[in-house]
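Structure, as structure tokens:
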Amino acid sequence: MQTGLVHLHSLLRWIILVLLVVSIIKSFAGWQGKKAFRPGDAKIWLFTMISAHITLLLGLYQWLAGRFGILTTSLPEGISVMKDKFYRFYWVEHPVGMILAIVFITLGRGMAKKIVSDETKYKKAFIFFLVALIIILATVPWPFRGIVGRPWFPGM
């Protein structure tokens, strides 16, 4: 079960990245083109938020009760979380970064419900989504990240 959850969590990262890039492009185009806000934009933003929240739930489970979870793993004798690259990344950096990114995605999605001008909706959503993308790209365990790296696609 653990392996399946890790694979699902890793696959969902690609869905989030694609939806986030689409959300960024649509919000930038709406902002710069001074377009009227459309329900299709709100749906894309909603799907981006939903996929991020589902991934968050899977990640929180793994963070707490997964193979290297806080509740299921004890650190080797004499090892501090902050001095060990592996545990620091998976117990601190990755969860904190992703929670922050999901907060920004949720704020960006929330702009669809605000009663403000369409230009302001697009502009603020663009900024929130862009910040979320930068945080995600910085805290994903990419294969080139050494000891914390994971494959591009699960099972590879």
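Every number in this text was worked out from the coordinates using simple rules, so none of it is lab data. Everything quoted here is computed from the prediction, not taken from an experiment. Note that we place each Cβ from the backbone using ideal geometry, even for glycine, and neighbour counts take in every protein chain shown.
Each residue of region 72-156 gets 135 Å³ once the volume of the Cα convex hull is shared out per residue. Scanning the chain for trypsin sites (Lys or Arg not before Pro) in DSSP loops with at most 16 other Cβ atoms within 10 Å, what's the longest stretch left with none? Longest gap between qualifying sites, sites excluded: 68-113. Please identify, among Pro141, Pro95, Pro39, the residue showing maximal mean-square fluctuation in a Gaussian network model of the chain using a 10 angstrom Cα cutoff. Of Pro141, Pro95, Pro39, the most mobile in the Gaussian network model is Pro39.
Each part gets one Cα centre, and for region 5-48 versus region 80-140 those centres are 13 Å apart.
Just to confirm a number: summing +1 for Lys and Arg and -1 for Asp and Glu over residues other than Val103 whose beta-carbon lies under 15 angstrom from that of Val103, what do you get?
Values: positive: Arg109, Lys124; negative: none.
My count for the surroundings of Val103 gives +2.
Summing Cβ point charges (Lys, Arg +1; Asp, Glu -1) relative to the Cα centre of region 104-156 gives a dipole of roughly 120 debye. Need one word for region 82-131: rounded, prolate or oblate. Basis is the Cα gyration tensor (sqrt eigenvalues a ≥ b ≥ c); a/c below 1.5 gives rounded, then a/b vs b/c decides. It comes out prolate by the Cα gyration axes.
Extension gain, Ile15 to Ile54, is 12.9 nm, computed as 0.36 nm per intervening residue step minus the present C-alpha separation.
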